[in-house]
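Participant: Got a structure for you, written out below as structure tokens; questions coming shortly.
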Amino acid sequence: MTRAERLRAPDPEICRAAIAELAERGRATPEELAALTDCLGAGRKVVERPAAEAFATLAARGAPVEDVLLAALASPLPRRRWGAAFALSLAGDPPAATLPVLLETLGADDGDLRWAAAGIVVRLHERTALVESLRALVASGNAAQRKMALYCLRDLGVRSPDAEAAAIRALADPDEGVRLAAMAALARLALDRGAAAAHLVGVLETASERVRRAAAAALGVLGERTPPVVAALEAAAASTDAALARAAGGALRGLSSR
């Protein structure tokens with residue numbers, strides 16, 4: 001079997017061995033690059049990740065892989081699109097062309113892929129289009145995308161009226177995971193800290209126990225030490241829900257030390 005044939009073999013161990021050979025060699029024929037691109041969407045992480053890493057190794061040694069990977073961003077296969085974006089991120093600064101694939105992957109069923117995509121998103125340099133795309137995703141994406149877009153806005157430190165408003169609206173999202181992300185984002189991004197505290201107090205006093213715990217923690221991060229905040233946290237600290245009581249107590253201690 002040729003190396004390209006072994007890269008396309010159904011046995012993942014044969015694929016992995018061929019990938020390792022290609023990376024060690026440091027160069028590849030067009031046929032081998034095409035086969036390595038297929039590996040990016042193999043549907044098995046034990047093949048996909050080594051393939052992405054091999055592309056990065058080839059790029060570091062001067063092999064012409066960028067055009068192949070950019071073309072793969074338009075593949076009809078979601079896993080191959082993601083693999084190409086991931087490989088490009090390993091090879092250097094992720095190009096702007098990866099953004100649509102990254103936004104798509106924020107909504108993937110696989111949590112590992114979602115968080116990996118988020119880690120690449122925050123490395124993108126073109127922030128204007130990125131932030132606008134994330135805010136749009138908070139409004140119109142699926143539940144996973146809405147949640148992950150909020151975490152990305154938080155991690156990017158996007159403190160703007162529009163980002164703040166998006167987080168506040170998401171506090172009423174029908175998906176609990178999105179509501180949790182909204183609180184985490186609001187605590188970091190709030191411009192009107194008093195208004196943000198009022199929203200979080202409202203959640204702390206009315207939501208389910210899990211969401212109340214997150215609201216208590218968010219109030220601690222926000223750091224707005226006002227009588228309504230302290231009163232709400234003191235009430236939560238007396239809860240029979242031990243986890244909520246711990247979260248509220250920790251927030252109170254944090255506020256006292258400021």
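The values are calculated or read from the model by the stated rules, or taken from the named source; none is laboratory data. Just so we're clear, the structure is a prediction, and the values are computed from it rather than from any experiment. Cβ sites come from the backbone with ideal geometry, for glycine too, and all protein chains shown count toward neighbours. For accessibility, only protein heavy atoms count, side chains too; no ligands or nucleic acids. Shrake-Rupley method; radii C 1.70, N 1.55, O 1.52, S 1.80 Å.
Participant: Scan (1) modelled with pLDDT of 95 or more; (2) open to solvent by 20 Å² or more (accessible area, probe 1.4 Å); (3) part of a loop (DSSP other than H, G, I, E, B); (4) small (G, A, S) for the single condition S75 breaks and write down its number.
Facilitator: (2)
Participant: Hey, could you check the stretch 154-163 for residues that are surrounded by 15 or more Cβ atoms within 10 Å (Cβ to Cβ) and more than 10 Å from the chain's Cα centre (by Cα) and say which is nearest to D192 (Cα to Cα)?
Facilitator: Per the stated criteria, the residue is A163.
Participant: In a helix (DSSP H, G or I), among the small types (G, A, S), under 18 Å from L113 (Cβ atoms) and open to solvent by less than 20 Å² (accessible area, probe 1.4 Å) - does that describe any residue in the stretch 37-51?
Facilitator: Yes: one or more hits.
Participant: Which ones in the stretch 164-176 are open to solvent by less than 40 Å² (accessible area, probe 1.4 Å), hydrophobic (A, V, I, L, M, F, W, C) and assigned to a helix (DSSP H, G or I)?
Facilitator: Residues satisfying the conditions are A165, A166, A167, A170.
Participant: Right, next: Can you pull out every residue in the stretch 1-36 that is of a type in the set (D, E) and open to solvent by 20 Å² or more (accessible area, probe 1.4 Å)?
Facilitator: Residues satisfying the conditions are E5, D11, E13, E21, E24, E31.
Participant: Same structure again: Got a sec? Which of A116, A108, A91 is within 14 Å of the chain's Cα centre (by Cα), among the hydrophobic types (A, V, I, L, M, F, W, C), closer than 16 Å to E53 by Cα and crowded, with 18+ Cβ neighbours inside 10 Å?
Facilitator: Every option except A116 fails the conditions.
Participant: Still on this structure, I have one more. Against the definition (hydrophobic (A, V, I, L, M, F, W, C), open to solvent by 20 Å² or more (accessible area, probe 1.4 Å) and either part of a helix (DSSP H, G or I) or under 24 Å from A243 (Cβ atoms) (or both)), how does A184 come out, yes or no?
Facilitator: yes
Participant: With under 24 Å from V122 (Cα atoms) and open to solvent by 30 Å² or more (accessible area, probe 1.4 Å) as the only criterion, which of R179, R213, R225 stands out?
Facilitator: Among R179, R213, R225, only R179 is under 24 Å from V122 (Cα atoms) and open to solvent by 30 Å² or more (accessible area, probe 1.4 Å).
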